[in-house]
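The structure appears below as structure tokens.
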Amino acid sequence: MIRYLDEERMFLISTDNMAYVIKIEDSKLTNIYFGEKLVFDFDYIPEIKKNIFINWSWNYELSDRSENNYANTAFKVLYHDGVRDCELLYKNYEIFDNKLKIELFDEFYGMKIFLFYEVFEHDNIIKKYYEVNNISDQKINIEILKNSLYIPILEGNFNYLKGMWGHETNIVHEKINQGIKSIGSRTGNTGHLFNPYFSIDDGADEDNGNVWFGLLGWSGNWSIDVHKQDYEYINISAGYNEWDFNYILLPNESIKSPELIFGFTNEGFGESSRILHSFIRKHILRKIDRKILYNSWEATGFDVNESNQMKLAELASKIGIELFVVDDGWFGKRNDDKAGLGDWYINKEKFSRGLFPLIKKVKELGMDFGIWVEPEMVNPDSQLYRNHPDWILGYESRKKTEIRNQLVLNIIKKEVKDYIIDFMTDLLSNNDISFIKWDFNRPILESGFMNKINSKSIWIDYVESFYYILDILKRRFPYVIFESCAGGGGRIDIEILKYADQVWTSDNTNPYDRLIIQKGFSYAYPSNIMMAWVTDWAGKETYPLKYRFHSAMLGSLGIGSNLNNYSEEELNIFSNLIKDYKDIRNIVYEGDLYRVNMTDYKNLEIFEYLKENKEEGVAFIFQNPTEFDIFNVYKIKLKGLNESYVYEIENKLYSGKSLMKFGFYMQFDSDIDYLNMKKNNYMSKIIRFKLKKNI
Ligand code: DGJ
């Protein structure tokens with residue numbers, strides 16, 4: 001709900017559990033509250049001005065670079081006459097539907113800002129962003145363009161997702177110290193090093209305590225800064241990374257900030273994740289029919305051809321796969337990563353009859369067909385590069401760094417955009433393709449420029465061009481499912497999720513490492529978009545097949561194993577586990593996720609998915625490498641159940657209360673080698689529980 005309190009000159013934005021309050025003070029917009037919903041309107045009105053030592057505030061709703069503002073700057077301009085001091089004064093507001101629009105005006109320089117807030121009342125989320133308009137006849141240089149938030153605590157922890165290629169989205173919990181801590185990307189994509197998620201807590205754990213959290217939507221250079229100083233609350237700025245940022249706004253032009261979605265809960269990290277998951281599922285993702293896919297990348301690499309893909313397709317259909325995907329290597333002279341990128345014609349040595357016979361076969365086997373592309377890139381050893389050496393990003397006077405032997409196309413150029421849109425349109429209209437894995441395998445290093453007046457805008461223009469291309473393709477081919485991939489999980493954020501239906505989580509498919517990566521991922525994003533494959537990482541023997549499956553079943557399941565290397569009997573195990581997954585996948589896709597940390601057993605990782613009506617759920621229990629434990633029996637407590645429901649687990653009945661307070665005993669299927677006193681440390685089990693009616 002959004003209300004304007006006239007007398008107090010205050011905007012009260014509230015959801016079921018949270019309130020966010022903005023006040024007009026001397027024509028400046030200040031943030032006076034963000035946190036748990038209180039009882040009365042007057043609860044939010046500060047009795048005395050917090051900064052009693054001085055007579056100005058440092059909690060401007062948009063922390064502009066006015067010279068009396070010590071909070072981290074979220075918005076900064078350079079006007080044509082050299083003035084850098086903003087005077088963003090409140091003008092008026094509009095409330096419509098669940099939206100609030102507030103106008104700020106720097107009258108002298110003709111700059112208008114519209115702040116937008118959208119409230120998702122029952123989802124406990126607020127979305128905010130703003131638009132800067134130049135209504136003067138001079139250019140305005142925007143040097144910083146971010147959103148501000150104030151967390152009303154002086155001490156706390158910053159929780160974020162860090163990583164690297166092959167080890168994305170690891171959760172970090174860190175005490176906030178004085179100064180500024182910044183996470184972000186400057187590689188032109190969302191990046192592997194950090195993900196645009198944050199949460200702040202003042203001593204929360206998984207199930208209890210205050211957590212303020214949010215996600216930023218931008219698939220290019222971004223940063224989130226957490227600023228602590230003694231005078232003011234903890235302050236967050238989240239938006240375009242100010243590194244190499246400068247946006248020149250010409251008269252009559254406007255620019256929009258990235259969107260920030262944020263919320264608050266007093267029920268710990270678990271609830272903050274569930275709020276984000278449900279918001280993303282309900283308000284960002286399209287409703288699609290998610291399929292269990294087979295991807296041949298880890299089996300055949302670049303060595304794809306009609307006959308080996310047909311053979312894999314046959315095996316894939318036998319085990320219950322629903323979508324067969326050919327990865328890299330099907331086009332141009334692409335036999336390794338040294339050549340062919342950019343030449344999007346079918347490689348006739350590998351597919352002499354085109355893709356048609358393979359697709360026909362895949363369809364006859366009852367599966368959909370999907371294919372890999374990396375449209376933004378080019379190998380210097382390609383026809384495309386030889387024909388258009390001027391289509392790439394970079395500076396003429398500088399060497400262009402090749403990574404994975406490839407360069408980045410300048411998709412801002414119209415002719416490059418057209419080239420990509422045209423070849424993708426041909427590919428999708430001439431073949432029965434219903435899935436695209438869109439890859440981006442290197443960072444942008446030498447960005448270059450489009451024109452000398454506004455050279456740094458290239459970072460924004462690149463990403464906008466990328467969205468534009470995807471938008472056109474999605475409109476033309478609405479039935480095609482898109483997966484966002486960037487050398488693994490380098491392009492995962494809430495803005496890309498408006499275009500992509502799912503993401504490739506990491507190139508690392510080691511089932512144990514994946515538990516860490518996927519757990520971090522689950523702080524921010526829901527499991528239905530998290531692609532997870534069963535592969536032969538570290539060989540067939542290192543991890544039990546069941547463990548590999550269970551780890552991948554925590555998300556949207558795919559198979560990447562070389563099925564040729566498995567016996568009939570082993571393939572039967574594949575089919576049975578796939579059947580199991582089909583039985584529970586709706587709970588995994590749509591259910592509430594509980595990360596169960598058992599203080600008694602540090603070696604267990606438990607992920608519980610529970611249907612919204614609490615009538616059915618599934619818990620995945622993993623035993624991590626640990627010292628020898630011969631008894632192998634654990635007492636597991638579940639979460640989130642209805643206390644008075646009676647649940648059935650393996651033919652035994654329990655009340656919800658007893659499962660949550662006391663727990664149930666479980667044992668991994670024994671695989672102890674008593675003779676040699678060794679056991680496979682990587683054990684896992686799925687426990688299903690269901691409401692028992694009519695007892
Ligand atoms: C990187 C991706 O993350 C992999 O899954 C695979 O598609 C390769 N690129 C292909 O080059």
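The values are calculated or read from the model by the stated rules, or taken from the named source; none is laboratory data. Keep in mind that this is a model prediction, so the values were computed, not measured. A quick note on method: Cβ atoms are made from the backbone with ideal geometry, for glycine too, and the neighbour counts reach across all protein chains shown.
Let's see how each residue does on (1) surrounded by 14 or more Cβ atoms within 10 Å (Cβ to Cβ); (2) free of Cβ contacts under 8 Å to residues at least 12 places away in the same chain; (3) within 16 Å of the ligand (Cβ to nearest atom):
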site	(1), (2), (3)
Gly394	yes, no, no
Lys417	yes, no, no
Asn430	no, yes, no
Asp439	yes, no, yes
Phe449	yes, no, no
Ile453	no, no, no
Ser457	yes, no, no
Ile460	yes, no, no
Val463	yes, no, no
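Close Cβ contacts (under 6 Å, 6 or more residues apart or on different chains) running from residues in segment 314-337 that are hydrophobic (A, V, I, L, M, F, W, C) to residues that are within 16 Å of the ligand (Cβ to nearest atom) and assigned to a helix (DSSP H, G or I) comprise Val326/Gln309.
Of all residues in segment 228-243, one or more are surrounded by fewer than 20 Cβ atoms within 10 Å (Cβ to Cβ), in the same structural domain as Lys112 (by TED's automatic domain parsing), modelled with pLDDT of 95 or more and more than 16 Å from the ligand (Cβ to nearest atom). Apart from one condition, His277 fits all of (1) more than 25 Å from Leu497 (Cα to Cα); (2) away from the ligand (no atom under 16 Å from the Cβ); the exception is (1). Where strands (runs of 3 or more DSSP E) fall entirely within segment 470-550, none has at least 1 residues that are away from the ligand (no atom under 16 Å from the Cβ), at pLDDT below 95 and crowded, with 24+ Cβ neighbours inside 10 Å. A single member of Ser644, Ser561, Ser575 is under 23 Å from Met367 (Cβ atoms) and in a loop (DSSP other than H, G, I, E, B), and it is Ser561. Put simply, of Val362, Val325 the only residue that is more than 15 Å from the ligand (Cβ to nearest atom), within 30 Å of Ile578 (Cα to Cα) and buried (at least 17 other Cβ atoms within 10 Å of the Cβ) is Val362.
Looking at segment 310-321, can you tell me whether even one residue there is in the same structural domain as Asp461 (by TED's automatic domain parsing), within 16 Å of the ligand (Cβ to nearest atom) and either within 24 Å of Met424 (Cβ to Cβ) or buried (at least 19 other Cβ atoms within 10 Å of the Cβ) (or both)? Yes, segment 310-321 contains a residue that is in the same structural domain as Asp461 (by TED's automatic domain parsing), within 16 Å of the ligand (Cβ to nearest atom) and either within 24 Å of Met424 (Cβ to Cβ) or buried (at least 19 other Cβ atoms within 10 Å of the Cβ) (or both). Only one of the numbered conditions (1) over 16 Å from the mean Cα position of the chain (by Cα); (2) buried (at least 18 other Cβ atoms within 10 Å of the Cβ); (3) in contact (Cβ under 8 Å) with a residue 40 or more places away in the chain is not met by Gln138, and that is (2). Taking the listed residues Asp336, Asp368, the one that is more than 17 Å from Phe423 (Cβ to Cβ), exposed (fewer than 15 other Cβ atoms within 10 Å of the Cβ) and at pLDDT 95 or above is Asp336, with no other qualifying.
Screening segment 282-309 for residues that are among the charged types (D, E, K, R) and within 20 Å of Ala552 (Cα to Cα) and picking the one that is nearest to the ligand (Cβ to nearest atom) gives Glu298. Picking from residues in segment 532-572 that are of a type in the set (A, V, I, L, M, F, W, C) and touching a residue at least 60 places away in the same chain (Cβ under 8 Å), the one that is farthest from Ala313 (Cα to Cα) is Leu554.
Entry remark, segment 329-359: residues being within 14 Å of the ligand (Cβ to nearest atom), aromatic (Phe, Trp, Tyr) and either in a strand (DSSP E or B) or in contact with a Pro (Cβ under 8 Å, 6 or more places away or on another chain) (or both) number 1 in total.
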